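What follows is a short report on a single structure.
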Amino acid sequence: MGGDSMTDDRADDGHGMTTDLRPRALDVAPGGVHSNARLGHAEMFFERGSGAHVQDVTGRRYIDYVLGRGPNLLGHAPQAVLKAANAAAESGMCLGSQHPLEVLAAEKLRSLLGWPGMLRFTTTGSEAAELALRVARAYTGRQEIVRFEGHYHGWLVDDAPAPGADQTAARWPAGVDPWTHMLPWNDEHALRTLLERRGTRIAAVIMEPVMFNHGGTLPAPGYLRACRRLTEACGAQLIFDEIVTGARLAPGGAAEVFGVTPDLAMYAKGIAAGWPVAAVAGHRAALSMVEDGTVNHRGTYNGSTASMAAVVATVDAIADGQVHRHIEAVGSRLMSGFAEIADKVGVRLRVRGFPAAFYIALVDRDPGEPWEEAAPPDMSGYRRLVAGLVDRGIWASARGNWYLSAAHTHDDISTTLRGFRDVLASFAAGDR
Ligand SMILES: Cc1ncc(COP(=O)(O)O)c(C=O)c1O
């Protein structure tokens, strides 16, 4: 990827900035962004992505470990998916009826995942989470939901305003909260106690099977199995939010890795190489609640032809395991390289997760077991670490999440490790 699309008259006044874009964005959209998840880097404007790299509007190129917050499992603009999606789009995007590709996409995804009876496509992960909860409520005839501190299930479920904002003004739907129990995760005792007390009123227990949105904490040995047993015993639906983990940790996601089958699960970021598709998968009896209209699920853009072609091409690309083996190799090198470098320069670093998606944090005490509650990290130190990496052409999230793709090469990893060593060395020299 070169700087060929750049024009000479764009003023460069910092990473990803031109003099005019940010004020124009601020004028036309709240916060100058179209997702509050991007407020933290609202000044960054990328103009293209290719493979494992993104290029900002000033022509600067970065190795990308954010990957659009996960969806680019095959790298940016993967040729096979692009070709298939473009060909489908040529025949029309939203035909307003059924299309052969949506049958094929659902069949392929179901056989990749291995366990579901059926699935329903949505357009975003947030909608999929909302749908899964409605299905669980309709199927069980119960209202109450159990969820866990630090787990994210999309902005429809997570309607809490930002800290400091009016905590009552912007919530929707009002009245969800009285039906929601928030528990600490990885605490079998807490879940058992609640389910013994109120189990017959609980429709669903929903969780990320790995805490990728908060610390990268793994499930404690046996914890997911215990959740499976406890929910079965009281007739609650176990919902895995596999929007990050699905098709990424393994073709069958966390359910495959940990050998625990949920009743319902949501998928999104691993299944369509960046095209806007999500899905709720589950057993037939539960999803039939949608068929007879007990649960109303609609969506103008659901199953659009290009998106369905993208699912088919993505599943085809990952089904033989090659992609996962490559990501395992490059991601493991990066994880162990980070840990070794930190060790050498005497900086305490917590590295948690899987080669395809992991989490790092600067900590001031022993990181502990990967399933133990993480002590709060040094976020301001970490932000400075990320700023140093960005200076060296490495685009990483200031929250600590790292994503690897099929397009990252061993050269990318070597460059990243060199950059990381330089920044940490400057920390050790007192710049932190
Ligand atoms: C675990 C999890 N669930 C749900 C969502 C929401 O998905 P979307 O942003 O597509 O609405 C996300 C998005 O980051 C997520 O990480």
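The values are calculated or read from the model by the stated rules, or taken from the named source; none is laboratory data. Everything numeric in this text was worked out from a predicted model, so none of it was measured. Glycine gets a Cβ as well: all are built from the backbone with ideal geometry, and neighbour counts include every protein chain shown. Heavy atoms of the whole protein, side chains included, go into the accessibility calculation; ligands, DNA and RNA do not. Shrake-Rupley method; radii C 1.70, N 1.55, O 1.52, S 1.80 Å.
Scanning region 346-378 for residues that are open to solvent by 60 Å² or more (accessible area, probe 1.4 Å) and within 15 Å of residue 216 (Cβ to Cβ) returns 369, 371, 372, 373, 376. Residue check: is residue 136 within 16 Å of the ligand (Cβ to nearest atom) and at pLDDT 95 or above? Answer is yes for this residue.
Scanning region 59-82 for residues being away from the ligand (no atom under 16 Å from the Cβ) and either touching a Gly at 6+ places or on another chain (Cβ under 9 Å) or in contact (Cβ under 8 Å) with a residue 40 or more places away in the chain (or both) gives a total of 13. Note on region 105-114: residues that are surrounded by fewer than 16 Cβ atoms within 10 Å (Cβ to Cβ) and either under 12 Å from residue 282 (Cα atoms) or among the acidic types (Asp, Glu) (or both) total 2. Exactly one condition in (1) of a type in the set (Gly, Ala, Ser); (2) more than 20 Å from residue 400 (Cα to Cα); (3) assigned to a helix (DSSP H, G or I) is false for residue 37; which is it? Of everything listed in (1) of a type in the set (Gly, Ala, Ser); (2) more than 20 Å from residue 400 (Cα to Cα); (3) assigned to a helix (DSSP H, G or I), residue 37 misses just condition (2). Pairs are defined by a Cβ separation below 7 Å, a sequence spacing of at least 6 or placement on different chains, a first member in region 230-241 that is under 16 Å from residue 131 (Cα atoms), and a second member that is among the basic types (Lys, Arg); the pairs so defined are 238/228. The residues of region 20-40 that are more than 20 Å from the chain's Cα centre (by Cα) and surrounded by 11 or more Cβ atoms within 10 Å (Cβ to Cβ), listed by number, are 21, 22, 24, 25, 26, 29, 31, 32.
Checking each residue in region 258-280 for being more than 10 Å from the ligand (Cβ to nearest atom) and over 23 Å from residue 138 (Cβ atoms) picks out 258, 259, 260, 270, 271, 272, 273, 274, 275. In region 194-211, the qualifying residues are those that are within 16 Å of the ligand (Cβ to nearest atom) and assigned to a strand (DSSP E or B), and the one that is farthest from residue 400 (Cα to Cα) is 204. Consider region 212-257 and keep the residues that are within 16 Å of the ligand (Cβ to nearest atom) and in a helix (DSSP H, G or I). The one that is most open to solvent (accessible area, probe 1.4 Å) is 257. Filtered by the rule that a residue be open to solvent by less than 50 Å² (accessible area, probe 1.4 Å) and either part of a strand (DSSP E or B) or within 14 Å of residue 241 (Cα to Cα) (or both), region 136-155 gives 136, 144, 145, 146, 147, 148, 150, 151, 153, 154. Restricting attention to region 123-133, and to residues there that are surrounded by 24 or more Cβ atoms within 10 Å (Cβ to Cβ) and under 16 Å from the mean Cα position of the chain (by Cα), which single residue is nearest to the ligand (Cβ to nearest atom)? My answer is 125. Looking at region 182-189, is at least one residue out of contact with any helix residue (DSSP H, G or I) (no Cβ under 9 Å at 6 or more places or on another chain), modelled with pLDDT of 95 or more and over 18 Å from residue 261 (Cβ atoms)? The answer is yes, given that some residue of region 182-189 is out of contact with any helix residue (DSSP H, G or I) (no Cβ under 9 Å at 6 or more places or on another chain), modelled with pLDDT of 95 or more and over 18 Å from residue 261 (Cβ atoms). Considering (1) in contact with a Gly (Cβ under 8 Å, 6 or more places away or on another chain); (2) outside any helix (DSSP H, G or I); (3) within 27 Å of residue 39 (Cα to Cα), the lone condition that residue 389 does not fulfil carries the number (2).
Residue pairs whose Cβ atoms lie under 9 Å apart, separated by 6 or more positions or on different chains, with the first residue in region 243-269 and not assigned by the TED database to the domain that holds residue 371 and the second assigned to a loop (DSSP other than H, G, I, E, B) and acidic (Asp, Glu), are 243/208; 244/208; 245/208; 254/208. Using the structure shown, decide if residue 288 is within 15 Å of the ligand (Cβ to nearest atom) and assigned to a helix (DSSP H, G or I). For residue 288, the condition - within 15 Å of the ligand (Cβ to nearest atom) and assigned to a helix (DSSP H, G or I) - is not met. Taken over region 200-211, the criterion of being surrounded by 20 or more Cβ atoms within 10 Å (Cβ to Cβ) and not acidic (Asp, Glu) is satisfied by 202, 203, 204, 205, 206, 207, 209, 210, 211.
If you check 374, 398, 407, 387, which single one turns out to be closer than 27 Å to residue 61 by Cβ, in contact with a strand residue (DSSP E or B) (Cβ under 7 Å, 6 or more places away or on another chain) and not charged (D, E, K, R)? Outline the logic, then answer.
Values: 374 fails: closer than 27 Å to residue 61 by Cβ; 398 fails: in contact with a strand residue (DSSP E or B) (Cβ under 7 Å, 6 or more places away or on another chain); 387 fails: in contact with a strand residue (DSSP E or B) (Cβ under 7 Å, 6 or more places away or on another chain).
That would be 407, the only listed residue that is closer than 27 Å to residue 61 by Cβ, in contact with a strand residue (DSSP E or B) (Cβ under 7 Å, 6 or more places away or on another chain) and not charged (D, E, K, R).
Checked against (1) out of contact with any His (no Cβ under 6 Å at 6 or more places or on another chain); (2) within 16 Å of the ligand (Cβ to nearest atom); (3) part of a loop (DSSP other than H, G, I, E, B), residue 115 passes all but a single condition, namely (2). Sub-7 Å Cβ pairs linking a first residue in region 216-228 that is under 20 Å from residue 356 (Cα atoms) to a second residue that is in a helix (DSSP H, G or I), at least 6 apart or interchain, are 219/258, ordered by first then second residue. Can you find a residue that is under 28 Å from the mean Cα position of the chain (by Cα), in a helix (DSSP H, G or I) and at pLDDT below 95 anywhere in region 41-63? The answer is yes, given that some residue of region 41-63 is under 28 Å from the mean Cα position of the chain (by Cα), in a helix (DSSP H, G or I) and at pLDDT below 95. Taking residue 290 as the residue in question, decide whether it is touching a residue at least 24 places away in the same chain (Cβ under 8 Å), assigned by the TED database to the domain that holds residue 203 and under 18 Å from residue 106 (Cα atoms). So residue 290 fits the description; yes.
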